[in-house]
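Contents: one structure, followed by commentary.
Any read-out appearing in this document is the output of simple, stated calculations on the displayed coordinates, not a laboratory observation. Small disclaimer: the values here were computed from a predicted structure and weren't measured. Heads up, the Cβs are rebuilt from the backbone with ideal geometry, glycines too, and the neighbour counts pull from every protein chain shown.
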């Protein structure tokens, strides 16, 4: 008899959880893979259904007590198991919702840095082209400091009045570039996710 060699099993490569962009000082580290986020969404679908079933069961016990079918002690004894399971389900829902939200925010973070990187590379290429054209070399390297909050100070009356007048004057809208439109779209998506996170914290 001939011995047949075992076929080598091929497993999917592990998703790269670290992304670097050319020309960008930022590095994106992913905490949740797309597979984990997809699994969390599936679990949420089942957990939501289980939460509804448990809520109906607990409500039915209170209705039975109100109708005189069971005593208060019997109601509490029967409801104890359902309430314990309900707490477990709510904790699982909160965790899965956080995983999904984190995956979405990290994806948006990656999109923003990617957009920045593309624009930065485009500008860098134009800068190098112009330097070659006018035959100049860089004279110094500029380090961009981290943004700091401006110190608070009392504004003079004249300065405050000038700024109030500027606010009254309607600003002329300038045409938006494709990059600005993409940033606004991503920002709107980020706001939605952050709003959902806020609602999750209130519920828990």
| task | Report the label-to-label distance for residue 123 and residue 69 in nanometres (one decimal), using points 7 Å from each Cα along the Cα→Cβ vector. | result | 7.0
| Per residue, what volume in Å³ does the convex hull of the Cα atoms of segment 58-115 enclose? | 66
| task | Can you tell me how much longer the chain between residue 110 and residue 188 gets when fully stretched, taken as 0.36 nm per residue apart minus their C-alpha distance, in nm with one decimal? | result | 26.6 nm
| Tell me, 62, 82 in order of fewest to most beta-carbon neighbours within 10 Å? | 62, 82
